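Below is one structure, written out as structure tokens, with a few remarks after it.
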Amino acid sequence: MSFHDLPLAERLLIARRGTAYFAQRLAELTDEQLYEQIALDGWSRRHLVAHVGYNAAALCRLLDWATSGVETPMYASAEQRGREIAEGATLNGTALRNLFDHTVARLDEKWRNLPDAAWSAQVRTAQGRLVPASETAWMRTREVWIHAVDLGNGGRFGDFPGVVLDSLLTDIVGAWKKKDLGGGLVLEINGAAPIAVSPESSITTKISGQPAAVVRWAAGRGAVGVALDGDIGEPPRWL
């Protein structure tokens, strides 16, 4: 079953569970540890926390758009988004944690009070896709679960709900296909049918393992617990 097949209340619950999972990982870090680098785009943990906080604020803008009908983009521009994260990363530990808590509360409040009709209103993601406002549940789910791992202090793909792993893999493979990437690549998840990214291509590489390990590799978070057979080490980019 896909995440998108679940009732809306269940989708929002999974997003909130992911937020709590991220918050738990964050609470276990000292303010000094927030300055440490992580294995993501040269960022420190401060950059990542700012990014996750401002992502919630950006989703609030989409929900405002859905409610009012007045177009309110997630970000004014890619440059503005980058500046916002860089400036957020200069905050001290207390202010950064407050930013996360405040934006999480705002997003949850908007979800709780969104008019029924607004859930189907069309809004535009930062990548330019038109989606219903209900898609914000998946956008946030993906954000908080993956970035809890990126904090680098104990988060694991193995802790993700199965429906999140399945839907992440669908997203990732779909993105590869759209960008014409991953030709010859086959993903073999134990107990499931192999997934050929480009079925018309000759097989050159197989990645196999348990669901969490294969999704972790596909998401670009390292080859932990997977068997690689072929000439590829890093997966194609999907975002």
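Quick note: the coordinates plus some simple rules give every number you see, no bench work behind them. The model shown is predicted, which means the values in this text are computed figures rather than measured ones. Positions of Cβ are backbone-derived with ideal geometry, glycine not excepted, and every protein chain shown enters the neighbour counts.
Things to note:
- Using the average count of surrounding beta-carbon atoms within 10 Å as a protection proxy, the listed peptides 164-177, 91-104 rank, highest first, as 164-177, 91-104.
- For Kirkwood radius over Cα pairs in Å, computed directly from the structure shown, the correct entry in [x] 22.9; [y] 18.9; [z] 17.9 is [y].
- Rounded to the nearest 500, the helix-only mean residue ellipticity at 222 nm of the chain stands at -16000 deg cm²/dmol, with each DSSP H run of n ≥ 4 adding -39,500 (n - 2.57).
- Sequentially through the range 30-43, phi angles give Karplus couplings (6.51, -1.76, 1.60; θ = phi - 60°) of 7, 4, 5, 5, 5, 7, 6, 6, 10, 7, 8, 6, x, 7 Hz, Gly and Pro residues having no value and appearing as x.
- Lys, Arg +1 and Asp, Glu -1 on Cβ, resulting dipole of the range 1-42 about Cα centre, debye, nearest 20: 300 debye
- About its Cα centre, the dipole of the range 3-73 is roughly 120 debye, where the only charges are +1 on Lys and Arg Cβ and -1 on Asp and Glu Cβ.
- Each residue in T141, T125, T19 was given a count of other beta-carbon atoms within 10 angstrom of its own, and listing them fewest first yields T125, T19, T141.
- Loop-located GluC sites (Glu not before Pro) in the range 1-52 (DSSP state other than H, G, I, E, B) with a sparse environment of at most 16 neighbouring Cβ atoms within 10 Å: E28, E36.
- Gaussian network model of the chain, springs between alpha carbon atoms under 10 Å - residue of A89, A27, A219 with greatest fluctuation: A27
- Membrane-span-like helices of the chain, defined as complete DSSP H segments with a Cα extent of 27 Å or more along the helix axis and a mean Kyte hydropathy of at least -1.0, are identified as 8-27, 45-68, 93-113.
- Size of charge dipole - the chain - debye, nearest 20, with Cβ of Lys, Arg +1 and Asp, Glu -1, no other charges: 240 debye
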